[in-house]
1. Using only alpha carbons, build the gyration tensor for region 50-114 and give me the equivalent ellipsoid semi-axes, biggest first, whole Å.
2. Considering all projection directions equally, how large on average is the shadow of the alpha-carbon convex hull of region 238-281, in square nanometres?
3. Would you please give the residues with an amide H less than 5 Å from that of Thr206, counting only those at least 5 places away or on a separate chain, with H modeled from the backbone geometry?
4. Name the long-range amide H neighbours of Gly246: under 5 Å, sequence gap of 5 or more, or other chain; modelled H, no Pro or chain starts.
5. Separation between the Val81 and Asp62 pseudo-spin-labels, each 7 Å from Cα along Cα→Cβ, expressed in nm?
6. What distance in nm lies between label points placed 7 Å from Cα along the C-beta direction at Ala48 and Asp154?
Amino acid sequence: MGRSRLLPALLMTLALLAAACGGGTTSGGNAGGSGTAVDGLPEVELQATPAALVKAAERTVDTRSFRFSVVGDVTTSDLPVPLRFSADGGVDLDGNVFYLNMDLSDLLRVAEESDDPGMSMLSAFFGDGQISVVDDGQYTYVKMAAMAAMVGADTDWIRSESGSDSGLTSGFLGADTGSPDGLMRQLSAAGEVTEIGREDVRGVGTTHFEVKLDPTKLAEMAGTGTDPGLGSAVDTPVGVWIDDQGLLRRMDMQIDDSSGSGTMVFEMYDFGKPIEVEVPGPGEYTDESELQGFLSS
């Protein structure tokens, strides 16, 4: 299996995660209590219109905090089976904190089984495929032990200033990690909307809609730098599940390009509940400024 067979799959996986989260945190998302209504939020009348979907995204962001999970797979013509990936996280917009845990171990399993010596670089960079990100509003911490060792860090965690667009951490995961803007961008491109029926998501009653993205809206968004990054997914309906309070509970989507295809299911829960993150203490992280000599060499 050649190196070119896995790198497109890696890029597709990261693209799907970015499309879901806007970019990345971690502290055990607990499904307990996820199947409940949000206190004080009235029920709304749902309509199968693009405007109603955008309103649902806005209403979801207005809860100010939530947890999420992502599961998906990536398929390329050169790989015998789909590659699986998953992530879980949480975001508190008022507290400016988020966390994300990613599991790319399936990608690494295929790399380790490859007979191409060049694939050892992929395994060396991603290690066991477990990636954690924590942001406390001031600093972003990324735990990716193999990468940290490669860039000369003495610790598994690397720290950079939150929102930095030039650092190693934000350069890898994106400066808008954990932002709900990705949802807003996707639903802003909604065209035809079809109501499918009632379904439960994590024990909550929802209405399932199928959304066809509008090519004109996508083109306009790309022209203003807000392209949601869905590739040719315009040809594939996006699934949207909205509860009776008008909150987004689930989205599923597909991305297709010349390297292959990927599918993803994104769920949100625990709306309005506190999101607490535990950041590494002194001695547990390496500040990115300490690595500048290594990175510039």
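Coordinate-derived values only; no laboratory data. All values reported here derive from a predicted model rather than from experimental measurement. As a convention, Cβ positions derive from the backbone with ideal geometry for all residues, glycine included, and neighbour counts pool all protein chains shown.
1. Taking √(5λ) for each eigenvalue gives 33, 17, 6 Å, largest first.
2. Answer in nm², one decimal: 5.6.
3. Glu199, Asp200, Val201
4. Result for Gly246 returns Val44.
5. 4.6 nm
6. 6.3 nm
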